[in-house]
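Working notes, structure below.
The values are calculated or read from the model by the stated rules, or taken from the named source; none is laboratory data. Everything numeric in this text was worked out from a predicted model, so none of it was measured. Quick reminder, even Gly has a Cβ in these numbers, built from the backbone with ideal geometry, and neighbours come from all protein chains shown. Just so you know, the surface numbers come from the protein's heavy atoms only, side chains and all, with ligands and any DNA or RNA stripped out. Shrake-Rupley method; radii C 1.70, N 1.55, O 1.52, S 1.80 Å.
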Amino acid sequence: MKVDVEIMEILAAYDLTKSLRGAAELTGCSHHTVARHVAARDAGQPIANPVNRGRVMDPFMPKLEEWMVASKGKLRSDIAHTKLVALGYTGSDRSTRRAFAQVRAAYRLGNTRVHRPWICEPGMWIQYDFGDGPVIDGKKTVLYIAWLAWSRF
């Protein structure tokens, strides 16, 4: 199991450094997590795997996603929070903003415009442009420039 491997890496890092903060830096976790695992090992207790406690926002996530799709990504988190409170949400505004940021990021990831360059067929399209030319004998001239796509001329 992946979690058991991570715990073993934390304990190995602690045994190597003999420092909570050093082991935390090596394994990419908090020094409090290292301390908890080391204390459990030293007491001879089984090292518990982390438990997913869920969030207050979890039952309301489908509704938040529905609102995001309906508004085409224009919904604001303060408006969403007001609507959620009316539905019985008891969490804080900060929790709403954090969940809202996740929902908005997922929405934007699935709804980005893809810009593809126009690739024309050789010899099928001509491109042209007009421009101001030089003044010759007091008369203004206009330049007409045309080139064949995929051509050097």
Accessible area per residue in Å² at 1.4 Å probe, computed on region 83-147:
86 Å²
For region 72-103 and region 10-28, what is the separation of their Cα centres, given in Å?
38 Å
Once both label points are put 7 Å beyond Cα along the C-beta direction, the Ser19-Lys139 separation in nm becomes 8.6 nm
Surrounding charge for Thr90, neighbours by C-beta under 15 angstrom, Lys/Arg +1, Asp/Glu -1, total +2
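Suppose R0 equals 35 Å; then what is the FRET efficiency for Trp147 and Arg108 from their Cβ-Cβ distance, rounded to the nearest 0.05? Write down the numbers at each step before the final one.
On the way: r = 39 Å, r/R0 = 1.11.
The value I calculate is 0.35.
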So what is the 222 nm mean residue ellipticity for the chain from helices alone, if each DSSP H run of at least 4 adds -39500 (n - 2.57) and you divide by all residues, rounding to the nearest 500 deg cm²/dmol?
-15000 deg cm²/dmol
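Multiply the residue separation of Cys120 and Arg76 by 0.36 nm, subtract the distance between their alpha-carbon atoms, and state the gained length in nm to one decimal. Write out the running numbers ahead of the final one.
Values: separation 44, 0.36 × 44 = 15.84 nm, distance 4.19 nm.
Stretched fully, the Cys120-Arg76 segment lengthens by 11.6 nm.
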Result row for the chain, helices from DSSP H with C-alpha axial extent 20 Å or more and mean Kyte hydropathy at least -1.0, is 2-17, 93-110
Lysine pairs meeting the criterion (Cα under 28 Å, 8 or more apart or interchain), as found in region 15-153:
5
Accessible area of the chain with a 1.4 Å probe: how many percent of it is carbon plus sulfur?
57 percent
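Which of the chymotrypsin sites (Phe, Trp or Tyr not before Pro) across region 98-131 are loop residues per DSSP, with 10 or fewer other Cβ within 10 Å?
Values: sites: Phe100, Tyr107, Trp118, Trp125, Tyr128, Phe130; in loops: Trp118, Trp125.
Passing sites in region 98-131 are Trp118.
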Over the chain, what is the mean sequence separation of C-alpha contacts under 8 Å (at least six apart), divided by residue count, expressed as relative contact order in percent?
13 percent
Where in region 65-130 are there trypsin sites (Lys or Arg not before Pro) that are in a DSSP coil and have at most 10 other Cβ atoms within 10 angstrom of their Cβ?
Lys72, Lys74, Arg113
Neighbour-limited loop hits for trypsin sites (Lys or Arg not before Pro), region 121-153 (at most 14 other Cβ within 10 Å; DSSP other than H, G, I, E, B)
Arg152
